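Structure, as structure tokens:
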Amino acid sequence: MRVSLISTALTALTLLVPAARSQPTPDEVDDLAAIGLKNRYAYDAANEDSRSRKCNSSITAVRREWGSLSKPERRKYIDAVLCLMQKPPISDPTEVPGARNRYDDFLAVHINQTLSIHATGNFLTWHRYYVWAYEQALRNECGYDGYQPYWAWNKYASDPINSPIFDGSEYSMSGNGEYVKHNGTPATPWTIIPPGPGGGCVVTGPFKNMTVNLGPVNPTLDGVPAQQGNGLNYNPRCLRRDISVNASMGWTKTSDVTSLIEENGDIYWFQTVMQGEFEKGSLGVHGGGHFTVSGDPGGDFFASPGDPAFYLHHAMIDRVFWIWQNQDPKNRLDVVSGTLTINNVPPTRNTTLDDEVNLGVLAPPVRLGDLLDTTGGPFCYIYL
Ligand code: CU
Ligand code: CU
């Protein structure tokens, strides 16, 4: 069954070749993805019983790069996100008084759990499950028939503003914010990103009229104050961005991605380098992607999912994790490292595979160890 799953995926790759003509040129990250898929195919062929049998060839989802989607495919995704923003919230109003729609439910859960899902043992699995739950909501509640696209940062690192993700067209995730004079972005206590050409409200593309309702908790955009309390009260405002080529070229180039995958065989180092070694002045690809968007709420690590580009960014985080796992499936499908608290502050015990990953109202709790395989547990997808 596993064999047929992956062979079908490889067949799908072949069938998609005609559509690939207009895609950005394959790069070294795509090469590592292809090598990984082959490794995984060989591993599964030799370990027939190792994983869930629920994910079979007929239902395997293929998540694709934004720029490789056709315009109608991009528009279907965009419309599903706009639909989610029109649906009523399901959060408990006493816990999340500021939630006004289903999109806010996702943002609220991230704000609520920020200090126990970043620089922790569950960072990669929590966010994998979170993006999946969002994809499920788009499909099940908003009639979306595609899958979660990802933002291949490295393909657009030299010019993100003119990329198909941020060019401001009707087929983009909206453009940069309007220029407003502003100071640099204090991404960490050790790194200030110079002010970019935005900083104001997003006025182009599908999300130009969007209202951000929750947060910010830890804003990094000049002139945007934190809301009082826990960030879950109603604080309606425009979506602001300050797209930064400084951040994209600093931490999300092709070499940044390939070195992360190739030079960090240990899960501890892989997730640490990915999330950034702040004291050394590195934001990692994780921080690099977030601060390429920047602004409000994009530059607030509590409320960053309030910018709809978040989900494309974190799909790429998940893809890089998937590529890394597939370089050595035998040793990387059951790995966890870290503790329960951010940077182990305050000190807590080590995270284990038997810990529960909890998404509150978004999805049922799942054992962390069941979230390590994208074709096992609740999941059934691969990346192209
Ligand atoms: Cu997060
Ligand atoms: Cu993140």
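The numbered conditions (1) among the polar types (S, T, N, Q); (2) buried (at least 21 other Cβ atoms within 10 Å of the Cβ); (3) more than 16 Å from ligand 2 (Cβ to nearest atom) are all true for Thr204 except (2). The set of residues in region 272-297 that are open to solvent by less than 20 Å² (accessible area, probe 1.4 Å), under 22 Å from Ile261 (Cβ atoms) and assigned to a loop (DSSP other than H, G, I, E, B) comprises Gly276, Leu283.
Okay, residues lined up against (1) outside any loop (DSSP other than H, G, I, E, B); (2) without any contact (Cβ under 8 Å) to a residue 24 or more places away in the chain; (3) touching a His at 6+ places or on another chain (Cβ under 9 Å); (4) open to solvent by 10 Å² or more (accessible area, probe 1.4 Å):
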| site | (1), (2), (3), (4) |
| --- | --- |
| Tyr77 | yes, no, no, no |
| Val81 | yes, no, no, no |
| Ile90 | no, no, no, yes |
| Pro93 | no, yes, no, yes |
| Asp104 | yes, no, no, no |
| Val109 | yes, no, no, yes |
| Leu115 | yes, no, no, yes |
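Suppose we filter region 107-121 for residues that are closer than 17 Å to Leu371 by Cβ and within 11 Å of ligand 1 (Cβ to nearest atom); how many remain? Residues flagged as closer than 17 Å to Leu371 by Cβ and within 11 Å of ligand 1 (Cβ to nearest atom) within region 107-121 amount to 7. Take the conditions within 14 Å of ligand 2 (Cβ to nearest atom) and touching a Ser or Thr at 6+ places or on another chain (Cβ under 7 Å) and apply them to Trp126. Does it pass? Answer is no for this residue. Leu239 meets the conditions (1) more than 30 Å from Leu32 (Cα to Cα); (2) modelled with pLDDT of 95 or more; (3) open to solvent by 30 Å² or more (accessible area, probe 1.4 Å) in every case but one. The failed one is (3). Assess whether Ile317 counts as being open to solvent by less than 10 Å² (accessible area, probe 1.4 Å), within 17 Å of the chain's Cα centre (by Cα) and more than 12 Å from ligand 2 (Cβ to nearest atom). For Ile317, the condition - open to solvent by less than 10 Å² (accessible area, probe 1.4 Å), within 17 Å of the chain's Cα centre (by Cα) and more than 12 Å from ligand 2 (Cβ to nearest atom) - is not met.
Of the candidates Asn358, Asn343, the single residue that is surrounded by fewer than 21 Cβ atoms within 10 Å (Cβ to Cβ), within 26 Å of Ile193 (Cβ to Cβ) and either within 15 Å of ligand 1 (Cβ to nearest atom) or of a type in the set (Ser, Thr, Tyr) (or both) is Asn343. Going through (1) outside any helix (DSSP H, G or I); (2) among the charged types (D, E, K, R); (3) within 16 Å of ligand 2 (Cβ to nearest atom); (4) closer than 14 Å to Arg128 by Cα one by one, Asp300 falls short only on (4).
The values are calculated or read from the model by the stated rules, or taken from the named source; none is laboratory data. Keep in mind the model is a prediction, meaning the values are calculated, not measured. Positions of Cβ are generated from backbone atoms using ideal geometry, with glycine treated the same way; all protein chains shown enter the neighbour counts. The protein model used for the area step is the full one, side chains on, heavy atoms only, and it has no ligands, DNA or RNA in it. Shrake-Rupley method; radii C 1.70, N 1.55, O 1.52, S 1.80 Å.
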